[in-house]
Amino acid sequence: DAGVIQSPRHEVTEMGQEVTLRCKPISGHDYLFWYRQTMMRGLELLIYFNNNVPIDDSGMPEDRFSAKMPNASFSTLKIQPSEPRDSAVYFCASRPWGSYEQYFGPGTRLTVT
Amino acid sequence: RKEVEQDPGPFNVPEGATVAFNCTYSNSASQSFFWYRQDCRKEPKLLMSVYSSGNEDGRFTAQLNRASQYISLLIRDSKLSDSATYLCVVIYTGTASKLTFGTGTRLQVTL
């Protein structure tokens, strides 16, 4: 079975550029989560969706961040404009209804110069 | 104060040793608890859930102390392959979908 798929795996961009991260959750999972991980702050939940609907975006740092889930098999996290402090590993995770266990993708390592 | 606190380590132990990590949480309305494992430059993966009565999975034992608001993970007979970061995770009552992660404790098992 394919796990959670994320692309790109690495992204290097210049400050001010738009960055789009992509995620394909595990088929049949109702929940999708976006996290950011840094050395200083650890893993932080940015936003999560249930059945493609955003439920809690209180972790989104500011208006430069936006996330969409147009269908059950695809989600994007967009940063526009990007800043060096956005450099982190961004993980997407999904889980089925009725389970607490979240399955993480391999992450996208973002570097903003 | 962070909601979920862990000693970052690293804990350096020889193969075969027993090692224990603690994690404290600040919100008493905490419902469920887990340990995740994260290998270097990899994604986190569920290691085990933590039940009120304590639970064991092979060489791993997890304990919960609600009165003192901490959970623990004990690893017996450490293996080189146990080297990783161990993340304490809490779910608060009423937020069943949100995992709150500690920053992790790094374990390095050596020969």
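Read the figures in this text as sums done on the coordinates, not as results from a lab. Everything numeric in this text was worked out from a predicted model, so none of it was measured. Virtual Cβ from ideal backbone geometry, glycine too; neighbours counted across all protein chains shown.
Computed quantities for the displayed model
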| item | result |
| --- | --- |
| ³J(HN,Hα) computed for each position of segment B:22-39 - Karplus, 6.51 cos²θ - 1.76 cosθ + 1.60, integer Hz, glycine/proline x | 10, 9, 10, 10, 9, 8, 5, 8, 9, 9, 9, 9, 8, 10, 10, 10, 10, 7 |
| A:Asp57 versus B:Cys40: modelled label distance in nm, points set 7 Å from Cα along the beta carbon direction | 3.8 |
| Ranked A:Asp63, B:Asp77, B:Asp82, criterion: other C-beta atoms within 10 Å, fewest first | A:Asp63, B:Asp77, B:Asp82 |
| Extended-chain gain in nm, criterion 0.36 nm per residue less alpha-carbon gap, A:Trp97 and A:Gln17 | 25.2 nm |
| Residues with amide H under 5 Å from that of B:Ser32, placed H, sequence gap 5 or more | B:Ile91 |
| Burial ordering of A:Leu110, A:Leu43, fewest other beta-carbon atoms within 10 Å first | A:Leu110, A:Leu43 |
| Using θ = phi - 60° and Karplus 6.51 cos²θ - 1.76 cosθ + 1.60, couplings along segment A:61-76 (whole Hz; Gly, Pro as x) | x, 6, 5, 5, 9, 8, 9, 9, 9, x, 7, 5, 10, 7, 9, 10 |
| Theoretical FRET efficiency, 1/(1+(r/R0)^6), r = Cβ-Cβ of B:Gln108 and A:Asn71, R0 30 Å, to 0.05 | 0.10 |
| Pairwise label distance in nanometres, A:Arg64 with A:Met40, each label 7 Å out on the Cα-Cβ vector | 1.3 |
| Links that overshoot a 20 Å alpha carbon limit, given the list B:Lys45/B:Lys79; A:Lys24/B:Lys45; A:Lys68/B:Lys2; B:Lys45/B:Lys98 | A:Lys68/B:Lys2 |
| Residue order, fewest to most surrounding Cβ atoms within 10 angstrom, among A:Phe65, A:Phe49 | A:Phe65, A:Phe49 |
| Span from the segment A:76-113 Cα centroid across to the segment B:43-80 one, whole angstrom | 26 |
| Segment A:Ala2-A:Gln80, length gained on full extension (0.36 nm per residue, minus Cα span) | 25.1 nm |
